[in-house]
Amino acid sequence: MSMIVFDELIDSFRKLLRNYLHQMGVFFDFLCSNFIDLMELEKRSVLLSKENKKILEMQTKLFDLNPRDKQLSFLSNIYLTLLDFDDRKISDLIKKSKRLPYRMLLDSELKIKIPFVKDSCVIYASFNTIDG
């Protein structure tokens, strides 16, 4: 189930990051204007700070679910390079991840070695019907 949650979260993360980058561009245009209203500056800064916290929380959840995902690494690299002021690195995020899917497995399931092939895929199927 975590793969489906991860897929939905990474899509939301991508959209949130794209929106945040756009908002930052608008914010920098505002800062370059001849006249800066301090109340407007505070309002925009607070909104950007809230969006930044959302991105960080979502990024942490994603690394907890799948710390080795290439798409997540790519998007996180964009965020860490352009927008992060704490000078974090992807390797630090991977080390701090909780690796939730591995914690939910039984000891016997951890010993199973499944060779992943480049052309393999995962299919989710549910036997639930509309009638229940």
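The values are calculated or read from the model by the stated rules, or taken from the named source; none is laboratory data. As the structure is a prediction and not an experimental result, all values here were calculated from the model. Here the Cβ positions follow ideal geometry from the backbone for every residue, glycine too, while neighbour counts run over all protein chains shown.
How many of the residues in segment 45-81 are touching a residue at least 60 places away in the same chain (Cβ under 8 Å), buried (at least 17 other Cβ atoms within 10 Å of the Cβ) and outside any helix (DSSP H, G or I)?
To start, the set of residues in segment 45-81 that are touching a residue at least 60 places away in the same chain (Cβ under 8 Å) comprises 65-66, 69, 71-72, 75, 78-79.
If we keep only those that are buried (at least 17 other Cβ atoms within 10 Å of the Cβ) as well, we get 65-66, 72, 75, 79.
With the extra rule that they be outside any helix (DSSP H, G or I), the set shrinks to 66.
Final tally of qualifying residues: 1.
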Could you check segment 1-17 and list, in sequence order, the residues that are surrounded by 12 or more Cβ atoms within 10 Å (Cβ to Cβ) and either within 11 Å of the chain's Cα centre (by Cα) or at pLDDT 90 or above (or both)? F6, D7, L9, I10, S12, F13, R14, L16, L17
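In segment 26-76, which residue that is among the β-branched types (V, I, T) and modelled with pLDDT of 90 or more is farthest from V5 (Cα to Cα)?
The initial filter retains those residues of segment 26-76 that are among the β-branched types (V, I, T), namely 26, 36, 46, 55, 60.
If we keep only those that are modelled with pLDDT of 90 or more too, we end up with 26, 36, 46, 55.
On the way: V26: 31, I36: 42, V46: 29, I55: 16 Å.
Restricting to residues being among the β-branched types (V, I, T) and modelled with pLDDT of 90 or more, the top hit is I36.
For F35, indicate whether it is of a type in the set (F, W, Y) and not in a helix (DSSP H, G or I).
Working: of a type in the set (F, W, Y): yes; not in a helix (DSSP H, G or I): yes.
Spelling it out, F35 is indeed of a type in the set (F, W, Y) and not in a helix (DSSP H, G or I).
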